[in-house]
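One structure below.
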Amino acid sequence: MTETDQEKLTWTHKHLLGLKDLTRREIEFLLDTARGFEEISTRSIKKAPTLRGKVVVNLFFEDSTRTRTSFTLAANRLSADVVEFTKKSSSVSKGETLIDTARNLEAMGIDIVVIRHNAGGAAKLLSRHINACIINAGDGYNEHPTQALLDVYTIRQVRGSLEGLKIGIVGDIAHSRVARSNIWAMTKLGAEVTLIGPPTLMPAKVNELPVRVSYSLDAVIQELDVINMLRIQFERLGGNPFPSVREYSHFFGLTVERVARAKPDLVVMHPGPINRGVEIESEVADGANSVILRQVANGLAVRMAVLFLVSQGVAEQSKER
Ligand code: CP
């Protein structure tokens, strides 16, 4: 995208529900906007007045370390007021619905809702029932758009571009919203994505996704430029998708020995939280090829950009009316 094209592109989305429906240009615009926000985190006073007077609610129905903290910090750095909502200490325990909860919060004058929920489609549902901007921070197995945005942001930072890169996503694809958002973001930016794992952890209708599938990590490890190791989501597993954790690690774990057979500049990623010794050995997670903590750091600039752009999207939609 040239600078002139970039100037012409105006962000018009009031919500960020997923990446499936965004264009390549929109994703690139978002990543370029995030680059502009990186500098704020290097200041001695890490603040900009961009969202002064706005109220952001973190509406989390599932636990989170990275996403929640990162959205809180991002909103704080842009001078928004932040309200933290957790399911455990709320009236959801008394039977209040998601929509009633959100409507009550909206009655107090909120502008942006960042929602994580165990039901796929929860963010979209909310966008139809309240007027605030909605940002999806992970909904069931569906999407986790800001995770994928920080992933592709990190790959661009390390490799310059995703065009032509061979990227492997390994593990529990079936239960992974990260994998779904990764697939959309990475393929739209020109990468070739291979899903790697046992057949029991592949999603239904995998043949309808723009990906290759491999049931052997050893068969493809040598051709990969980037590898994204997913956590086995033990809390979502039904039945026994593999005989034992030990056997899973034997065939699909990223070990020092496997990295030694890969390209020397293989980029090793993980969205966190890590099950050390299951999907990745500690020496690899903490090793020279790993960009795992860089991913976390980049999440801040990406989430600042998302908060800023959805609030701009509201302004653009008002102009059109
Ligand atoms: N990657 C990710 O979503 O981590 P958290 O569950 O800690 O937010």
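Think of the chain as a dipole: +1 on every Lys or Arg Cβ, -1 on every Asp or Glu Cβ, centred on the Cα centre; then among Gly109, Tyr248, Ile40, Gly109 lies furthest on the positive end.
On segment 101-142, 46 percent of the accessible area sits on carbon and sulfur atoms, based on a 1.4 Å probe. For chymotrypsin sites (Phe, Trp or Tyr not before Pro), the sites in segment 221-321 that DSSP calls loop and that have at most 11 other Cβ atoms within 10 Å are Phe234.
Shape of segment 200-301 from its Cα gyration tensor (a ≥ b ≥ c, root eigenvalues): rounded if a/c is under 1.5, otherwise prolate when a/b > b/c, or oblate? Rounded, because the longest to shortest axis ratio a/c is under 1.5. Surface composition of segment 1-91: carbon plus sulfur atoms contribute 49% of the solvent-accessible area (1.4 Å probe, protein chains only, all chains present).
Among the GluC sites (Glu not before Pro) within segment 149-241, those in coil by DSSP and having at most 13 neighbouring Cβ atoms inside 10 Å are Glu163, Glu235. Antiparallel beta bridges, as assigned by DSSP with both residues in the chain, represent about 5 percent of the total such bridges. Overall, the chain carries a charge dipole of about 640 debye about its Cα centre when +1 sits on the Cβ of Lys and Arg and -1 on the Cβ of Asp and Glu, all other atoms neutral. Spin-label model, Val213 to Asp100: label points 7 Å out along the Cα-to-beta-carbon direction sit 4.2 nm apart. I want to verify a result. In a Gaussian network model of the chain, Cα cutoff 10 Å, which of these has the top mean-square fluctuation: Asn104, Asn228, Asn298? Of the options given, Asn104 has the highest mean-square fluctuation.
What is the percent carbon and sulfur in the accessible area of segment 185-319, measuring with a 1.4 Å probe over the protein chains and ignoring ligands? Please report the intermediate quantities before stating the final value.
On the way: 3140 of 5880 Å².
So the carbon and sulfur contribution to the accessible surface is 53 percent.
Rolling a 1.4 Å probe over the protein chains gives Ser216 an accessible area of about 50 Å².
Among the listed pairs Lys205/Lys263; Lys54/Lys94; Lys20/Lys87; Lys14/Lys205; Lys188/Lys263; Lys88/Lys124, give every one whose C-alpha distance is greater than 26 Å. Among Lys205/Lys263; Lys54/Lys94; Lys20/Lys87; Lys14/Lys205; Lys188/Lys263; Lys88/Lys124, the Cα-Cα distance tops 26 Å for Lys205/Lys263; Lys54/Lys94; Lys20/Lys87; Lys14/Lys205.
Checking every one of the trypsin sites (Lys or Arg not before Pro) in segment 125-233 against DSSP loop status and a limit of 11 other Cβ atoms within 10 Å picks out Lys205. When the residues Asp218, Asp265, Asp63 are ordered by accessible surface, computed with a 1.4 Å probe over the protein chains alone, the sequence from largest down reads Asp63, Asp265, Asp218.
Of the residues Ala297, Gly277, Pro49, the one whose Cα sits farthest toward the positive end of the charge dipole of the chain, with +1 on the Cβ of Lys and Arg and -1 on the Cβ of Asp and Glu, is Pro49. Of the residues Ile167, Ile135, Ile27, the one that moves most in a GNM of the chain with alpha-carbon contacts below 10 Å is Ile27. Highest mobility in the GNM of the chain, judged by mean-square fluctuation with C-alpha springs under 10 Å and restricted to Ala48, Ala132, Ala75, is found for Ala48.
Taking every protein chain into account, the accessible area of the chain amounts to 44 square angstrom per residue (probe 1.4 Å).
The values are calculated or read from the model by the stated rules, or taken from the named source; none is laboratory data. Everything numeric here is computed off the predicted structure, so don't read it as measured data. Glycine gets a Cβ as well: all are built from the backbone with ideal geometry, and neighbour counts include every protein chain shown. Areas reflect the complete protein model, heavy atoms only, side chains present, ligands, DNA and RNA absent. Shrake-Rupley method; radii C 1.70, N 1.55, O 1.52, S 1.80 Å.
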